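Quick notes on the structure that follows.
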Amino acid sequence: MGTRTEGRGSTSALYTPEQRKRRDETRWTLVQGVLAPLQFVVFLVSLVLVFRYLMTGEGYAIATASIVIKTGVLYTIMVTGAIWEKVVFGQYLLAPAFYWEDMFSFAVIALHTLYILALFTGALSASALMALALLAYAVYVVNAAQFLLKLRQARLQTEAVA
């Protein structure tokens with residue numbers, strides 16, 4: 001199991017027994033378990049629509065709508081994830097066990113929010129908006145991989161305890 005860096009709380013296990021119990025008992029774990037794959041599906045559909053627009057010049061409105069929807073799902077999973085962290089770890093964000101995942105989540109949210117602001121202010125051209133969306137999506141993929149690794153770590157910890 002991974003260890004945390006100094007200053008971020010050193011642990012050899014992702015969850016203490018009490019945290020694991022809270023994780024398993026809260027409905028927010030199920031909410032996250034539903035929203036995470038939903039967000040990934042929305043991301044994949046949107047990615048295809050963005051690439052279609054960039055390659056053909058067609059479908060700007062649907063690509064834009066898909067990015068806005070992806071952003072809405074992202075905001076929802078961030079808020080519910082913060083609630084989940086509060087229930088499990090006692091703080092809304094930046095719990096030592098999820099510090100770097102949360103930090104990357106902030107970057108993902110910042111890029112998506114920048115997209116929304118640029119869209120509604122007209123600050124960027126259509127192509128620049130799509131490029132910004134792709135950058136946001138690339139950072140999202142890194143963040144999703146972080147969470148998948150944490151999910152694997154949690155599964156391995158649960159197996160080791162059993």
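The values are calculated or read from the model by the stated rules, or taken from the named source; none is laboratory data. Note that the coordinates shown come from a computational prediction; the quantities given were computed from them, not determined experimentally. Every residue, glycine among them, receives a Cβ derived from its backbone with ideal geometry; neighbour counts consider all protein chains shown.
Looking only at residues in the range 1-60 that are part of a loop (DSSP other than H, G, I, E, B), among the polar types (S, T, N, Q) and closer than 19 Å to Tyr99 by Cβ, which one is modelled with the highest pLDDT? It comes out as Thr16. Of all the listed residues (Leu135, Leu129, Leu114), the sole one being assigned to a helix (DSSP H, G or I), farther than 30 Å from Glu25 by Cα, touching a Phe, Trp or Tyr at 6+ places or on another chain (Cβ under 7 Å) and at pLDDT 95 or above is Leu129.
Take Ala136 and decide whether it is touching a helix residue (DSSP H, G or I) at 6+ places or on another chain (Cβ under 9 Å), surrounded by fewer than 13 Cβ atoms within 10 Å (Cβ to Cβ) and farther than 19 Å from Gln32 by Cβ. First the steps, then the outcome.
Details: touching a helix residue (DSSP H, G or I) at 6+ places or on another chain (Cβ under 9 Å): yes; surrounded by fewer than 13 Cβ atoms within 10 Å (Cβ to Cβ): no; farther than 19 Å from Gln32 by Cβ: yes.
Against the criterion (touching a helix residue (DSSP H, G or I) at 6+ places or on another chain (Cβ under 9 Å), surrounded by fewer than 13 Cβ atoms within 10 Å (Cβ to Cβ) and farther than 19 Å from Gln32 by Cβ), Ala136 does not qualify.
Residue pairs whose Cβ atoms lie under 8 Å apart, separated by 6 or more positions or on different chains, with the first residue in the range 56-67 and under 9 Å from Met130 (Cα atoms) and the second charged (D, E, K, R) and at pLDDT 95 or above, are Ala63/Arg52. Taken together, the residues in the range 108-147 that are hydrophobic (A, V, I, L, M, F, W, C), free of Cβ contacts under 8 Å to residues at least 60 places away in the same chain and under 19 Å from Ile83 (Cα atoms) amount to 2.
Among Phe89, Phe120, which is out of contact with any Phe, Trp or Tyr (no Cβ under 6 Å at 6 or more places or on another chain), aromatic (Phe, Trp, Tyr) and surrounded by 18 or more Cβ atoms within 10 Å (Cβ to Cβ)? Only one candidate passes the filter, namely Phe89. Taken together, the residues in the range 128-162 that are hydroxyl-bearing (Ser, Thr, Tyr) and more than 13 Å from the chain's Cα centre (by Cα) amount to 1. If only residues of the range 93-117 that are surrounded by 15 or more Cβ atoms within 10 Å (Cβ to Cβ) and hydroxyl-bearing (Ser, Thr, Tyr) are counted, the one that is nearest to the chain's Cα centre (by Cα) is Ser105.
Scanning the range 71-82 for residues that are closer than 16 Å to Leu135 by Cβ and either modelled with pLDDT under 95 or assigned to a helix (DSSP H, G or I) (or both) turns up at least one hit.
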